[in-house]
1. Exactly one of these conditions fails for residue 177: (1) over 25 Å from residue 50 (Cβ atoms); (2) modelled with pLDDT of 90 or more. Give me its number.
2. Restricting to the stretch 146-171, count the residues that are farther than 23 Å from residue 80 by Cα and surrounded by 18 or more Cβ atoms within 10 Å (Cβ to Cβ).
3. List the strands (runs of 3 or more DSSP E) inside the stretch 56-172, counting only whole elements, that have at least 3 residues being closer than 26 Å to residue 36 by Cα.
4. Using the structure shown, decide if residue 205 is in contact with a strand residue (DSSP E or B) (Cβ under 7 Å, 6 or more places away or on another chain) and either in the same structural domain as residue 59 (by TED's automatic domain parsing) or surrounded by fewer than 20 Cβ atoms within 10 Å (Cβ to Cβ) (or both).
5. When you scan the stretch 54-70, do you find a residue that is buried (at least 16 other Cβ atoms within 10 Å of the Cβ), under 11 Å from the mean Cα position of the chain (by Cα) and touching a residue at least 12 places away in the same chain (Cβ under 8 Å), even just one?
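The values are calculated or read from the model by the stated rules, or taken from the named source; none is laboratory data. It should be emphasised that the depicted structure is a prediction, and the values quoted were computed from it without experimental measurement. Heads up, the Cβs are rebuilt from the backbone with ideal geometry, glycines too, and the neighbour counts pull from every protein chain shown.
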């Protein structure tokens, strides 16, 4: 298990740090990069493993991690899509060592993600349901998003933090596509088209079912 960073130095545009392993006296090199959180696949459990995708200057990078994440911030925005993370990771396995986050955001990505989360919450409320696990909830919770019939029960119980929603595509400067991942437990999976309707306001403008993989 990796417990920390002992020292670091600049090498080629990446920060290379020396890490120490509890189970072994050997050391390994860690790299550092900064990116925007586009997705986080880990499910609702407080333990276990997960994978976060960061959008960096060189493209998308997937970093695996063991819960709980070692993060030096208590800002709740650091745990949301659109947060800007600086991560130290083991370059051979892409395993996370530590996250530095001060609450800075990619405001477009974060605002589009929030718009989708609020949209789903409003659909659930219209169906007489509250977000969060309800032991007495039985069977499907059927609702309509646009023209799509959907079962919300899994999302209500397990996906309601919204971290199962992932940034899929920047269509243009004012339009973003957010997709529900398998961790959302929405049936079917959904693409949400989100548009900037005012400088500080984003809104879901269309909803499309995602065909299941063949």
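1. Of (1) over 25 Å from residue 50 (Cβ atoms); (2) modelled with pLDDT of 90 or more, only one is false for residue 177: (1).
2. Going through the stretch 146-171 one residue at a time, the tally reaches 1.
3. 59-66, 84-90, 95-100, 165-172
4. Yes: the conditions hold for residue 205.
5. yes
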